[in-house]
1. Using +1 at the C-beta of Lys and Arg and -1 at the C-beta of Asp and Glu, which of Gly75, Pro23, Pro87 has the Cα lying farthest in the positive direction of the dipole of the chain?
2. Return the calculated 222 nm mean residue ellipticity for the chain, to the nearest 500 deg cm²/dmol, obtained by summing -39500 (n - 2.57) across DSSP H runs with n ≥ 4 and dividing by the residue count.
3. Dipole of the stretch 80-121, Cα-centred, from +1 at each Lys and Arg C-beta and -1 at each Asp and Glu C-beta, to the nearest 20 debye?
4. At 7 Å along Cα-to-Cβ for each site, give me the label-to-label distance between Lys13 and Ala85 in nm.
5. So for the chain, if I pair up every lysine 8 or more residues apart or on another chain, how many of those pairs have alpha-carbons under 21 Å apart?
6. If Val90, Val18 are ordered by their accessible area, calculated over protein heavy atoms with a 1.4 Å probe, which sequence runs from highest to lowest?
7. How large is the convex hull of the Cα atoms of the chain per residue, expressed in Å³ as a whole number?
8. Run the 1.4 Å probe and let me know the accessible area of Lys32, rounded to the nearest 10 Å².
Amino acid sequence: MENQQNKGLAIFKQICEVNELDPETVRAEAQKNHSEKMRARSEAEKLVWTALDLRARALLQKTGAKTMESIKGDGGEYSIDADPAAPGFVVNEDTIRSKHQASIAEYIIEALAGVKLPVQA
């Protein structure tokens, strides 16, 4: 179990590295999230999820305030699999296109494509 946790933390660090995130900032943000869904997760899962979510939100902010206003909370624009053994980030293009004007949808899709996953050995 401890070995899995160590691997999970290593994956978290890789996610931070490839997405240019400060691991301590991500840790602090993960500590703030006390939702029921997050409480049931391991520390590594919380950190992986938070890192990917922070990166996605940062990229969306760069697309402009108009875009961010239309994406409040979990709007389904993307989904995260926080399993440290095989983390995943999926841009839900159909959802984005159905919820947003075409020009905004393309900005959102393009921005979210910037979320990177580590290459695992």
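The values are calculated or read from the model by the stated rules, or taken from the named source; none is laboratory data. As the structure is a computational prediction, the values presented were derived from the model and not from experiment. Here Cβ is always computed from backbone atoms with ideal geometry, including for glycine, and neighbour counts include all displayed protein chains. Accessible surface areas use protein heavy atoms only, side chains included; no ligands, DNA or RNA. Shrake-Rupley method; radii C 1.70, N 1.55, O 1.52, S 1.80 Å.
1. Highest projection toward the positive end goes to Gly75.
2. -18500 deg cm²/dmol
3. Details: 3 positive and 6 negative charges, 17 e Å.
Computed charge dipole of the stretch 80-121: roughly 80 debye.
4. 2.2
5. 16
6. These residues rank, largest area first, as Val90, Val18.
7. It is 105 Å³ per residue.
8. 140
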